[in-house]
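Before any comments, here is the structure.
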Amino acid sequence: MPAPMQPEVHAFFDEATNTVTYVVRDPQGSACAVVDSVLDFDYASGRTDTRSADAVVAFVRDKGWTTEWLLETHVHADHLSAAPYLQDRLGGKIGIGDRITVVQDTFGKIFNEGTEFQRDGSQFDRLFVEGDTFMIGQLRGEVLHTPGHTPACLTYVIGDAAFVGDTLFMPDYGTARCDFPGGSAEDLWDSMQKILALPDATRIFVCHDYKAPGRDQYAWETTVAEERARNIHIGGGKTRAEFVEMRQKRDATLSMPKLIIPSLQVNMRAGQMPEPEENGLSYLKVPVNGL
């Protein structure tokens, strides 16, 4: 079997949300995809900014590349997606997992969105399911459904690289929380086994990094072999039962992400703000005691 293609991967780290956005290029051409983009948002003022997205736009334009996909690994709870902004400037189709409909139904109720909010995923251009494939130029991508953090989480395996979203972090930091509505530590364990079954040399690119204790630099690239051997939550032969117990106890101590309320309302709409009201402004709701 021939070795998988090795895409060119460029990372853009947003320290305000500890998020990594990736530009992934077909090494044999100029086609690219953007994975997990960031729209800057100041919660205190309610103002958005496009500094992070503009850096991606400038980079892609400077390279002369063609953007074919704007990929979301899941509905993020810690940052707002800039996918519509990037689509307007770079083109490309916005893709996410088909279980977005479950997330939309859950949070449509929590935010009391009413019948005008469509819960069928139609805000996105492509809804992926397990086993789907897609192309970035001549570069082939495959889709793994990897729920646990949320029901709609995906891992995109593009050549020799896997973009795992919030499923896995760097080996010294561990794994994602599972206490959001629809999350499951049991599902997360099973999902991680799919990722760890990929070839040892597969490059893993994580969506966030928070610098584990004792590490001075941010990091976001590792390998399947390193995760399997050294991940502090699942590596070194830990069992499913041990992981589930650890994850559930740890999650019970965590506070909510500071941008969860605006992020969910925007990201379940594929990065769009709620429809403006009569005065031309969009509003984000705060469900008191709802989360």
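The values are calculated or read from the model by the stated rules, or taken from the named source; none is laboratory data. These numbers were taken from a predicted model, which means no experiment stands behind them. Quick reminder, even Gly has a Cβ in these numbers, built from the backbone with ideal geometry, and neighbours come from all protein chains shown.
I need the full set of residues from segment 77-103 which are part of a helix (DSSP H, G or I) and surrounded by fewer than 23 Cβ atoms within 10 Å (Cβ to Cβ), in order please.
Filtering segment 77-103 down to residues part of a helix (DSSP H, G or I) leaves 83-90, 100-103.
If the condition is that a residue be part of a helix (DSSP H, G or I) and surrounded by fewer than 23 Cβ atoms within 10 Å (Cβ to Cβ), then Pro84, Tyr85, Gln87, Asp88, Arg89, Leu90, Thr101, Val102 are the ones that fit.
In segment 181-289, counting only helices (runs of 4 or more DSSP H) that sit wholly within it, the ones holding 2 or more residues that are under 30 Å from Ser122 (Cα atoms) span 185-196, 260-267. Can you tell me which residues in segment 111-163 are farther than 26 Å from Val224 by Cβ and among the β-branched types (Val, Ile, Thr)? Result: Thr115, single match. Under the condition of being in a loop (DSSP other than H, G, I, E, B), touching a Leu at 6+ places or on another chain (Cβ under 7 Å) and not β-branched (Val, Ile, Thr), the residues counted in segment 112-157 number 4. Residue-level check: of (1) buried (at least 24 other Cβ atoms within 10 Å of the Cβ); (2) assigned to a strand (DSSP E or B), His74 misses just (2). Every condition in (1) touching a residue at least 12 places away in the same chain (Cβ under 8 Å); (2) outside any strand (DSSP E or B) is met by Lys109 except one, and the failing one is (1). If you check Asp26, Asp36 for being charged (D, E, K, R), surrounded by 13 or more Cβ atoms within 10 Å (Cβ to Cβ) and more than 18 Å from Ala77 (Cα to Cα), only one passes: Asp26.
Count of segment 257-271 residues, restricted to those that are in contact with a helix residue (DSSP H, G or I) (Cβ under 8 Å, 6 or more places away or on another chain) and of a type in the set (A, V, I, L, M, F, W, C), is 3.
Listed here are the residues, each with its yes/no results for (1) of a type in the set (Ser, Thr, Tyr); (2) over 14 Å from the mean Cα position of the chain (by Cα).
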site: Asp42; (1), (2): no, yes
site: Ser81; (1), (2): yes, no
site: Gly97; (1), (2): no, no
site: Phe117; (1), (2): no, yes
site: Gln123; (1), (2): no, yes
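Looking only at residues in segment 138-169 that are touching a Cys at 6+ places or on another chain (Cβ under 7 Å), over 18 Å from Asp209 (Cα atoms) and not small (Gly, Ala, Ser), the one that is surrounded by the fewest Cβ atoms within 10 Å (Cβ to Cβ) is Pro147. Scanning segment 174-225 for residues that are in contact (Cβ under 8 Å) with a residue 60 or more places away in the chain, loosely packed, with under 14 Cβ neighbours inside 10 Å and either touching a Gly at 6+ places or on another chain (Cβ under 8 Å) or of a type in the set (A, V, I, L, M) (or both) yields a total of 0. Answer yes or no as to whether Ser282 is in contact (Cβ under 8 Å) with a residue 12 or more places away in the chain, within 21 Å of Asn112 (Cβ to Cβ) and among the polar types (S, T, N, Q). It is false that Ser282 is in contact (Cβ under 8 Å) with a residue 12 or more places away in the chain, within 21 Å of Asn112 (Cβ to Cβ) and among the polar types (S, T, N, Q). For segment 67-89, the condition of being at pLDDT 95 or above, among the aromatic types (Phe, Trp, Tyr), closer than 22 Å to Leu198 by Cβ and touching a strand residue (DSSP E or B) at 6+ places or on another chain (Cβ under 6 Å) holds for at least one residue. In the condition set (1) free of Cβ contacts under 8 Å to residues at least 40 places away in the same chain; (2) out of contact with any strand residue (DSSP E or B) (no Cβ under 6 Å at 6 or more places or on another chain), Asp125 is compliant with all but (2).
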